[in-house]
1. Out of G69, G65, G40, G46, report the one residue that is within 16 Å of the ligand (Cβ to nearest atom) and loosely packed, with under 13 Cβ neighbours inside 10 Å.
2. Here's a check for you: in segment 49-62, which residue that is assigned to a strand (DSSP E or B) and under 14 Å from N14 (Cβ atoms) is nearest to the ligand (Cβ to nearest atom)?
3. I'd like to verify a number: residues in segment 1-10 that are assigned to a loop (DSSP other than H, G, I, E, B) and either under 29 Å from W76 (Cβ atoms) or at pLDDT 95 or above (or both), how many?
4. Which residues, counting only those in segment 32-68, are farther than 17 Å from I90 by Cβ, touching a Ser or Thr at 6+ places or on another chain (Cβ under 8 Å) and not aliphatic (A, V, I, L, M)?
5. Hey, could you check segment 11-37 for residues that are among the hydrophobic types (A, V, I, L, M, F, W, C) and not in a strand (DSSP E or B) and say which is surrounded by the fewest Cβ atoms within 10 Å (Cβ to Cβ)?
Amino acid sequence: MSEDNQCKPYQCPNCGSRISHIHIFVVEENRYELELDEKGWVNWYGEESVEASEKSADAECPECGKKIGDHWSETWEDLNSWALKILNSILVKKDE
Ligand SMILES: [Zn+2]
């Protein structure tokens with residue numbers, strides 16, 4: 001029916017590819033519990049994301065791998081609103 005069904009919704013500002021999603025790489029602080037075992041090896045366990053720690057994020061195009069934007073925040077809510085802005089800014093406008 002519609003010829004738009006095959007169109008991907010976003011367009012990379014760097015390479016111009018039509019893409020269906022973006023990649024976000026998030027670096028955040030994690031806490032581990034460490035102890036020595038009987039052989040003297042370090043045991044790492046109990047990985048836990050630290051609440052309200054700084055998170056830095058890069059948005060990249062899955063086609064060319066170039067950066068579309070970056071951001072840092074202490075909350076996932078803020079990262080989510082940044083990601084929403086990125087997606088809206090590269091959304092392909094429907095033809096009038
Ligand atoms: Zn690209």
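The values are calculated or read from the model by the stated rules, or taken from the named source; none is laboratory data. All figures in this text were calculated on a predicted structure; none of them were measured in a lab. Reconstructed Cβ throughout: ideal geometry from the backbone, glycine too, with neighbour counts over all protein chains shown.
1. G65
2. E60
3. The total comes to 2.
4. Matches in segment 32-68: E54, K55.
5. Among those residues, the one meeting the criterion is C15.
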